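So the structure is just underneath, and the comments pick up after that.
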C-alpha cells in the first residue's frame, strides 16, 4: 500500500495561497483555523522562498506520542488522523509538532482551547467514510473517493506534491537532476527521517 | 565562480539603473558579489537531508504569513522533538521515581519508626497554634493542591495507568473535566500560596535552632530526642519554602500555559511546560512527606490544622521555645 506524503518544492512555490484557500473551502474549515499555510522566508530580500506547510503525517509522529488521551491513529496509508470525540484540547500536540500543524478553535475565554483540528490529508476521520458526521468534523474524505489532497491537486506550479512517497520523491529527484540543484524537500528529514533526493 | 558572480552583479546593477526600476532599487542596501550569489540560489548545493541545515541557509524558521496568526509564521520548530523527548523520557521517569520513591520511603519509615507519639502523653491542656485564617489558608491551598495534583498526574500518567482500564470514551470525559478543574482550581491555589507567604513568612526565617534541628535530623530517627524550636522547626521551614518557591514557579509557568502564547512564543511554552511538570513532581514528593508527618506519622500533629489547638505536651516537645514565648516563660537554654 502507498505511503502518503506531502512534498513541497520551494523553488516552485509562488505564494499564491491557492492551496490554503482550496483547503479551507473543501473542508469548510472554521474561522481562525488554517490546516495549511504558506510561510515566506526572507520576504522581499534576496533568496526569498515560500513554503506551503501543513501536517506532514510524520513517520514517528510527535503529536501521537505526546497526546495525553491517545486520540491519534495512523491509517494504513501512513496518514496521521485523530478523533475529535477523544481530543480534550490540551495543546500538547502543538508544542510537539515541528510544523505547527495542530489548530484549535477558541472554546472560551482566554486560552481555552476547543477540539484540535488539523490537515487530514483529505482523508477524514474515524467515522464512516464520506458520512455526514465525518464531513462535519473533519471535512471531505477525498482519499476514500480515490482522489488526492486538493491543495496539491490544484497547485498551479506543482510546487506542492501529494501522494505515494516514492512517486513524489521520484518526481522531485527528476526535477533536481534537470535543474541541477535541490531546494530542499521541506520537512522531509524531520517528518520521515529520510531524504527525497538531492 | 568569481567571474559568474561579477557578471551577475553587473546584470543586477544594469537592472538597477533602468528607469522603470529606479524607484524599487532606490533604497536598496549595497550588496557584495558574494551575497548576490548566495541570494540567487541560497540552497544550491545543500541536500535536503537536514532541515536544520536548510533553516540555517535561509536564516531561521521565522517567516511571514498572510493569515492573521503570528504562530503560523514559524515554519519549522525542530525543538518540538526535544520537548517531546524530555516529557516522554526523563521528566516522566524521574517524576515517577520521585513520587513513588517518596511513598516507599514513608512506608519504610513508618515500619521502622512507627507513629511518633507524645513522650509524656496528652496533657489535656491545649495551646492555640493556628487561628481560623491560618487554617482557612492551609486548607484552601491543600484542597486545591490535591485537585491539581490528581488532574495533573492524569495528564502525565493517565494514558498509561487509567486509559487501559476505563477505556477511551470514559477517559476522555474524565480528562476533559479534570482539565477544566485544573485550569480553574489553579486560581485558589495561587491565592493560597500568596496568603501563606504573607501569614507565615515571619515565622519561617532561618534561625540558630534550625542548625541544631538539622544536626539531629529533627529527632525523627531517635525516640525522645527533641531539638529546640520556635513556632516552626527547620523541617517545617523546608516545607514552607518548598511550597512558596515551588508554588511560585508552578504558578508562573502555569499562567503561561493557561494563556498560551500571550506571554511567549512556542519555545517559551515548551520550557514553561517542562518547568511546570518538573517542579510539580518535586513538590508532590515533598508534600507527601508533609502530609504523612502531619497526620499518620505523628500523634497530636493533626490537631494544629484541624482545631487549631495543640496539646501542651506535644507543643513543649516539638516547639519548646515557641511555648515559652507564648506563655511568657523563660526561654529554654537562656536561663
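The values are calculated or read from the model by the stated rules, or taken from the named source; none is laboratory data. Please read all numbers here as calculations on a predicted model, not as lab measurements. All Cβ positions, even for glycine, are placed from backbone atoms using ideal geometry, and neighbour counts span all protein chains on display.
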If we only count strands (runs of 3 or more DSSP E) wholly inside the stretch A:1-114, which ones have 1 or more residues that are surrounded by fewer than 17 Cβ atoms within 10 Å (Cβ to Cβ) and more than 10 Å from chain B (Cβ to nearest Cβ)? A:72-74
Filtering the stretch B:74-94 down to residues that are surrounded by fewer than 18 Cβ atoms within 10 Å (Cβ to Cβ) and closer than 20 Å to residue A:56 by Cα, which residue is modelled with the lowest pLDDT? B:78
Of the conditions (1) farther than 15 Å from residue B:71 by Cα; (2) free of Cβ contacts under 8 Å to residues at least 60 places away in the same chain, residue A:77 clears all except one; give me its number. (2)
Looking at the structure I just gave you, is residue B:301 assigned to a loop (DSSP other than H, G, I, E, B) and closer than 30 Å to residue B:105 by Cα? yes
Say whether the condition of being touching a residue at least 24 places away in the same chain (Cβ under 8 Å), outside any helix (DSSP H, G or I) and more than 14 Å from chain A (Cβ to nearest Cβ) is met by at least one residue in the stretch B:256-273. no
